[in-house]
1. Given the conditions (1) within 15 Å of L129 (Cα to Cα); (2) in contact with a strand residue (DSSP E or B) (Cβ under 8 Å, 6 or more places away or on another chain), report the number of the one that E63 does not fulfil.
2. Report, by residue number, each residue of region 1-32 that is under 18 Å from L110 (Cα atoms) and part of a loop (DSSP other than H, G, I, E, B).
3. Give the number of residues within region 41-67 that are without any contact (Cβ under 8 Å) to a residue 60 or more places away in the chain, crowded, with 16+ Cβ neighbours inside 10 Å and either part of a loop (DSSP other than H, G, I, E, B) or touching a helix residue (DSSP H, G or I) at 6+ places or on another chain (Cβ under 7 Å) (or both).
4. Sort through Y114, Y77 and tell me the only one that's in contact with a helix residue (DSSP H, G or I) (Cβ under 8 Å, 6 or more places away or on another chain) and either part of a loop (DSSP other than H, G, I, E, B) or surrounded by fewer than 18 Cβ atoms within 10 Å (Cβ to Cβ) (or both).
Amino acid sequence: MMFDKYLIEAGSVRNTGPAEAPTGFAFEAKLGYYRGLTLSMVEKLDVAIDGNLLPREAVRFDEGRGPLTLDEMETAYDRRWAFGAKATILVEHPGGFPAGEHELSLTEQLRISYLPFPAVNSDTKRVKLAEAADAAA
């Protein structure tokens, strides 16, 4: 799709949890579709580091109204991911995002009412943790 290269906000990767022992990481992402969708129409969000797919159960999604598991998104009929809006993808990953530069991949599988097949959008970027000064901005 034409929006694939815009899915991951490269400078947004940050660790979550205590600084001395991160429990995961988060990054900002955009929808790869030219219209907004209710969250129940987001069928899959796959996150990978250096080609290694992270467990579905470890991924959470937050469009600004609080994090949801991917299972909870299936019935989030009253919540919407607007086109161009950044959402936070949170991932439980002991130790946080690995030090240095790595490939971060996001694949979105969307159910579009007028398409007889799922729309799949993917983005892979070489990223590293945002600097503390950058993350505070």
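1. (1)
2. Listed by number, the residues that qualify are M1, M2, F3, L7, K30, L31, G32.
3. 4
4. Y77
Here, each number is a calculation from the coordinates, and none is a lab measurement. Here the structure is a predicted model, which means the values were calculated and not measured. All Cβ positions, even for glycine, are placed from backbone atoms using ideal geometry, and neighbour counts span all protein chains on display.
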